[in-house]
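K.L.:
The structure's right below; bear with me while I get my questions together.
The values are calculated or read from the model by the stated rules, or taken from the named source; none is laboratory data. All of these numbers come straight from a predicted model, not from anything done at the bench. In this analysis, Cβ positions are derived from the backbone assuming ideal geometry, glycine residues included, and neighbour counts consider all displayed protein chains.
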Amino acid sequence: MSGIAGIFTLDRSPIDSSQLQLLANSVAFRGLDDVQIWSDGGVGLAHAALRISDEPAQLTQPFTLDGHVWITADARLDARTELISQLYPEGGQQLQQLSDAALILQAYRIWRGECLSHFAGDFAFAIWDAPSSRLFCARDHFGVKPFFYAQPADTLVFGNTLQALRSYPGVSDRLDDEAVADFLLFGACHHLERTAFADIRRLPPAHLLIVEQGSVRVRRYWSLPVDAEIHYSKPQDYVEHFRDLLGNAVRDRLHFSKSAVLMSGGLDSTSIAATARRHLQSRPESLNAFTVYCHGEEPDPEYEFARLAADSLQLPISFHSLEPYKLFERWQCPEIVGPEPNADPLSASNYDWFRTIASHSRVALTGLGGDPAMLASASHAIATLVSPGFPSLLWQAGRYWRIRGKLPNVGLRSELKRRAKGRKADLPALPEWLAQDLRKELHLEDRWMDYYGELTKPAHPLRPEAYNLLCSPQWPPLFESYDPGFTGSALEVRHPFFDLRVIRFLLSLPPIPWCVDKEILREAMSGWLPNPIRLRPKTPVADSFLLGKLRDFQCSQRNLSFHPFLSRYVDTARFMAGREAADDFGVWTSLVPLCLNGWLLSARIGQ
């Protein structure tokens, strides 16, 4: 994890070095080990380093191989050995010590813009190519690492920390209405190029940005591929291949002497913990588990399942309770609320939890991605019923019966009912409290329908639901909620299930039996996890705890203080009137305007 920033004047006039230093200082919280700047005429790069691997001290950033092409990067590359063999065919053991930034720079020197097709991992970087007078920037495939930019006057200012760009002269606090409306509709901005601020843009996942000859161009460089279905002669081959890929994904993310796992009691995160534990058998003290729980009227079952997993894996575990926290606690502190609106009224708890983890480790792993990547496809099952593949479907279903003693549940009945009713029948109405002018001006009804319509487009012949979920605009905002620019902690959070090798394999599996109830993962964890966890059914997230807190908060806050800008987005009179008789769904939808109002007050917008 690193902080990166830079300034580029489009007319090539000299940059203001004091502004570059201020940018560097504003990202210094992300890198506790070193802060450096470099400039040359109309370009300047800044870097704040947090050393996670044992990179040689001389490979500080901004970095150059030849004095002509420079890089500042927040990068973690997968499959380094394969990449090194392509970059340096002559070999050499010392090459394994090259930093990821050095490998990216060498790849750019060899392949120029095509270098991105050789990378896998999480990255955001900027390269200044002096001989070509070209600035080349990119963000990773899924958007794990953020990248923001703004264009005040004839200048491009960029970095991986939104708050740093807000402080740059000429970048205003004017809000982006479409981004804010998206937050109210979906809980996060689904316009992937927008931020809450009109003057600041984000580079979408799998996109590059090039500045040359005074123009700024942004384009996509990658889309999630659709590969042919994998067929192995032995069922165990599927399991072994998956174990190898998941093992590589976890190992590539375990670079530091101490690592953490954000572990619930569910199958996904405990599988990551079990895999990490096997890779760290010689250093068992280097891995700790951290679990959040919320005992409401009844005990949270995740607490006991997480403890069972930790005991089985011999992992030290720390528990963090949500019970002591009040909704919107400490929201007067901008570092608690975050740089953009967020729909978590318990963000103070999140802030404290991440600081606790960061005091132990600089790297933490999650189980994010397991649910969508291993989602069985009802659409595929329906299509197979009337296709030549029907005998294969029967064979696969029979195998599942022999293993589990029941037929696979892919949601076939629910899917047929949904198709009979049509999509609109399941679609809730837009909230009544949305400001009418905003609703008409931005055509929010159409936006609402378009979003839900996109989810049903068949983009993958085998796994359309899984494919569409993995491409969903929900992921980049979620990844950014784990980023230090949001959490305020010098902690890099990594997501092994979003490894490109793992995702491509899972999307190519025969859906039945391997993706029914995560059969491939359950088989892979046989002997690695205790059966009560390995075989436990998928359970919905318990929301009664937060719902109760939200109802109590609404009853106690009869006279809310609204930010003057809120009326642009929310009809506050309708909002207040509707709270009294709201059902559970109405209470949930009322959470988002409250979060927006709290953020506007905390971020001091318009002051």
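K.L.:
Criterion first (at pLDDT 95 or above, surrounded by 23 or more Cβ atoms within 10 Å (Cβ to Cβ) and at negative phi) does residue 147 satisfy it?
P.N.:
Details: at pLDDT 95 or above: yes; surrounded by 23 or more Cβ atoms within 10 Å (Cβ to Cβ): yes; at negative phi: yes.
Spelling it out, residue 147 is indeed at pLDDT 95 or above, surrounded by 23 or more Cβ atoms within 10 Å (Cβ to Cβ) and at negative phi.
K.L.:
Select, from 136, 186, the only residue that is assigned by TED's automatic domain parsing to the domain that holds residue 212 and buried (at least 20 other Cβ atoms within 10 Å of the Cβ).
P.N.:
From the options 136, 186, the qualifying one is 136.
K.L.:
Counting just the residues of the range 340-355 that are out of contact with any strand residue (DSSP E or B) (no Cβ under 9 Å at 6 or more places or on another chain) and in a loop (DSSP other than H, G, I, E, B), which one comes out surrounded by the fewest Cβ atoms within 10 Å (Cβ to Cβ)?
P.N.:
Of the range 340-355, the ones out of contact with any strand residue (DSSP E or B) (no Cβ under 9 Å at 6 or more places or on another chain) are 341-348, 351, 355.
This time we only want the ones that are in a loop (DSSP other than H, G, I, E, B), so: 341-346.
On the way: 341: 24, 342: 22, 343: 19, 344: 16, 345: 21, 346: 19.
This residue is 344.
K.L.:
Here's another thing I want to ask about it. Of the conditions (1) modelled with pLDDT of 55 or more; (2) loosely packed, with under 11 Cβ neighbours inside 10 Å; (3) over 24 Å from residue 509 (Cβ atoms), residue 434 fails just one. Which one is it?
P.N.:
(2) is the only condition that residue 434 fails.
K.L.:
Based on what the data block shows, is residue 238 in a loop (DSSP other than H, G, I, E, B), more than 22 Å from the chain's Cα centre (by Cα) and not hydrophobic (A, V, I, L, M, F, W, C)?
P.N.:
Working: in a loop (DSSP other than H, G, I, E, B): no; more than 22 Å from the chain's Cα centre (by Cα): yes; not hydrophobic (A, V, I, L, M, F, W, C): yes.
So residue 238 fails the test.
K.L.:
While we're looking at this one, here's another question. Name the helices (runs of 4 or more DSSP H) wholly within the range 494-555 that hold at least 2 residues that are in the same structural domain as residue 300 (by TED's automatic domain parsing) and under 19 Å from residue 248 (Cβ atoms)? Before the answer, list the steps.
P.N.:
Details: elements: 500-507, 511-514, 519-524, 531-534.
Ranges flagged: 500-507, 519-524.
K.L.:
Follow-up. Name the residues in the range 178-218 that are out of contact with any Gly (no Cβ under 8 Å at 6 or more places or on another chain), small (Gly, Ala, Ser) and farther than 30 Å from residue 589 by Cβ, would you?
P.N.:
214, 215
K.L.:
Please verify whether the range 202-212 includes one or more residues that are among the acidic types (Asp, Glu) and crowded, with 16+ Cβ neighbours inside 10 Å. Spell out the reasoning first.
P.N.:
At the first step, the residues of the range 202-212 found to be among the acidic types (Asp, Glu) are 212.
Now narrow it down to the ones that are crowded, with 16+ Cβ neighbours inside 10 Å: none.
No: the range 202-212 contains no residue that is among the acidic types (Asp, Glu) and crowded, with 16+ Cβ neighbours inside 10 Å.
K.L.:
Now, a different point. In the range 480-493, which residues are of a type in the set (A, V, I, L, M) and either in a helix (DSSP H, G or I) or surrounded by fewer than 23 Cβ atoms within 10 Å (Cβ to Cβ) (or both)? Please lay out each step first, then the result.
P.N.:
In the first step, residues of the range 480-493 are kept if they are of a type in the set (A, V, I, L, M); the result is 490-491, 493.
Passing the criteria: only 490.
K.L.:
Among the residues of the range 306-350, how many are polar (S, T, N, Q) and more than 18 Å from residue 482 (Cα to Cα)?
P.N.:
Qualifying residue count for the region: 5.
K.L.:
List pairs: first in the range 282-310 and in contact (Cβ under 8 Å) with a residue 60 or more places away in the chain and aliphatic (A, V, I, L, M), second assigned to a loop (DSSP other than H, G, I, E, B) and surrounded by fewer than 21 Cβ atoms within 10 Å (Cβ to Cβ), Cβ under 7 Å, 6+ apart or cross-chain?
P.N.:
Here the result reads 292/322; 308/530, each pair linking the range 282-310 to a residue that is assigned to a loop (DSSP other than H, G, I, E, B) and surrounded by fewer than 21 Cβ atoms within 10 Å (Cβ to Cβ).
K.L.:
Got at least one residue in the range 148-160 being of a type in the set (Asp, Glu) and in contact with a helix residue (DSSP H, G or I) (Cβ under 9 Å, 6 or more places away or on another chain)? Full working, then the answer.
P.N.:
Residues of the range 148-160 of a type in the set (Asp, Glu): 154.
Cutting the leftovers down to in contact with a helix residue (DSSP H, G or I) (Cβ under 9 Å, 6 or more places away or on another chain) gives us none.
No; the residues of the range 148-160 include none that is of a type in the set (Asp, Glu) and in contact with a helix residue (DSSP H, G or I) (Cβ under 9 Å, 6 or more places away or on another chain).
K.L.:
Checking the structure you have, find out if any residue of the range 599-607 is small (Gly, Ala, Ser), at pLDDT 70 or above and within 19 Å of residue 336 (Cα to Cα). Steps first, answer last, please.
P.N.:
We begin by selecting, within the range 599-607, every residue small (Gly, Ala, Ser); these are 602-603, 606.
From what's left, at pLDDT 70 or above: 602-603.
Narrowing further to those that are within 19 Å of residue 336 (Cα to Cα): 602-603.
Yes.
K.L.:
Just one of 46, 102, 75, 24 is touching an Asp or Glu at 6+ places or on another chain (Cβ under 7 Å), of a type in the set (A, V, I, L, M) and either farther than 22 Å from residue 250 by Cα or in the same structural domain as residue 214 (by TED's automatic domain parsing) (or both); which is it? Let's see the steps before the verdict.
P.N.:
On the way: 46 fails: touching an Asp or Glu at 6+ places or on another chain (Cβ under 7 Å); 102 fails: touching an Asp or Glu at 6+ places or on another chain (Cβ under 7 Å); 24 fails: touching an Asp or Glu at 6+ places or on another chain (Cβ under 7 Å).
The conditions single out 75.
K.L.:
Restricting to the range 150-180, what's the tally of residues that are among the aromatic types (Phe, Trp, Tyr) and surrounded by fewer than 18 Cβ atoms within 10 Å (Cβ to Cβ)?
P.N.:
Taking the range 150-180 first, the residues among the aromatic types (Phe, Trp, Tyr) are 158, 168.
Still in the running and surrounded by fewer than 18 Cβ atoms within 10 Å (Cβ to Cβ): none.
Here the count works out to 0.
K.L.:
What's the number of the only condition in (1) touching a residue at least 40 places away in the same chain (Cβ under 8 Å); (2) in contact with a Phe, Trp or Tyr (Cβ under 9 Å, 6 or more places away or on another chain) that residue 100 fails to meet?
P.N.:
Unmet condition: (1).
K.L.:
Right, next: What are the pairs, 6+ residues apart or on separate chains, where a residue within the range 335-350 that is within 18 Å of residue 195 (Cβ to Cβ) and β-branched (Val, Ile, Thr) has its Cβ under 8 Å from a residue that is modelled with pLDDT of 90 or more and assigned to a helix (DSSP H, G or I)?
P.N.:
Pairs that qualify, where the first residue is within 18 Å of residue 195 (Cβ to Cβ) and β-branched (Val, Ile, Thr) and the partner is modelled with pLDDT of 90 or more and assigned to a helix (DSSP H, G or I), are 337/347; 337/598; 337/599.
K.L.:
May I pose another question? Quick one: which residue in 257, 318, 282 is touching a strand residue (DSSP E or B) at 6+ places or on another chain (Cβ under 7 Å), more than 25 Å from residue 522 (Cα to Cα) and surrounded by fewer than 21 Cβ atoms within 10 Å (Cβ to Cβ)?
P.N.:
Working: 257 fails: touching a strand residue (DSSP E or B) at 6+ places or on another chain (Cβ under 7 Å); 282 fails: touching a strand residue (DSSP E or B) at 6+ places or on another chain (Cβ under 7 Å).
318 is the lone residue from the list that is touching a strand residue (DSSP E or B) at 6+ places or on another chain (Cβ under 7 Å), more than 25 Å from residue 522 (Cα to Cα) and surrounded by fewer than 21 Cβ atoms within 10 Å (Cβ to Cβ).
K.L.:
Please tell me if residue 121 is farther than 13 Å from residue 208 by Cα, under 26 Å from the mean Cα position of the chain (by Cα), buried (at least 22 other Cβ atoms within 10 Å of the Cβ) and modelled with pLDDT of 95 or more.
P.N.:
Working: farther than 13 Å from residue 208 by Cα: yes; under 26 Å from the mean Cα position of the chain (by Cα): yes; buried (at least 22 other Cβ atoms within 10 Å of the Cβ): yes; modelled with pLDDT of 95 or more: yes.
Criteria met by residue 121.
K.L.:
Does the range 5-50 hold any residues that are among the β-branched types (Val, Ile, Thr) and touching a helix residue (DSSP H, G or I) at 6+ places or on another chain (Cβ under 9 Å), and which are they?
P.N.:
Step one: list which residues in the range 5-50 are among the β-branched types (Val, Ile, Thr), which gives 7, 9, 15, 27, 35, 37, 43.
7, 27, 35, 37 - these are the residues of the range 5-50 that are among the β-branched types (Val, Ile, Thr) and touching a helix residue (DSSP H, G or I) at 6+ places or on another chain (Cβ under 9 Å).
K.L.:
Of the residues 34, 74, which single one is among the acidic types (Asp, Glu), at pLDDT 95 or above and surrounded by 15 or more Cβ atoms within 10 Å (Cβ to Cβ)?
P.N.:
Values: 34 fails: at pLDDT 95 or above.
Answer to the check: 74.
K.L.:
Further question: Quick test for you: out of 196, 179, 150, 228, pick the one residue that is outside the structural domain of residue 441 (by TED's automatic domain parsing), over 19 Å from the mean Cα position of the chain (by Cα), of a type in the set (A, V, I, L, M) and farther than 25 Å from residue 11 by Cβ.
P.N.:
Values: 196 fails: over 19 Å from the mean Cα position of the chain (by Cα); 179 fails: over 19 Å from the mean Cα position of the chain (by Cα); 150 fails: farther than 25 Å from residue 11 by Cβ.
Of 196, 179, 150, 228, the one residue that is outside the structural domain of residue 441 (by TED's automatic domain parsing), over 19 Å from the mean Cα position of the chain (by Cα), of a type in the set (A, V, I, L, M) and farther than 25 Å from residue 11 by Cβ is 228.
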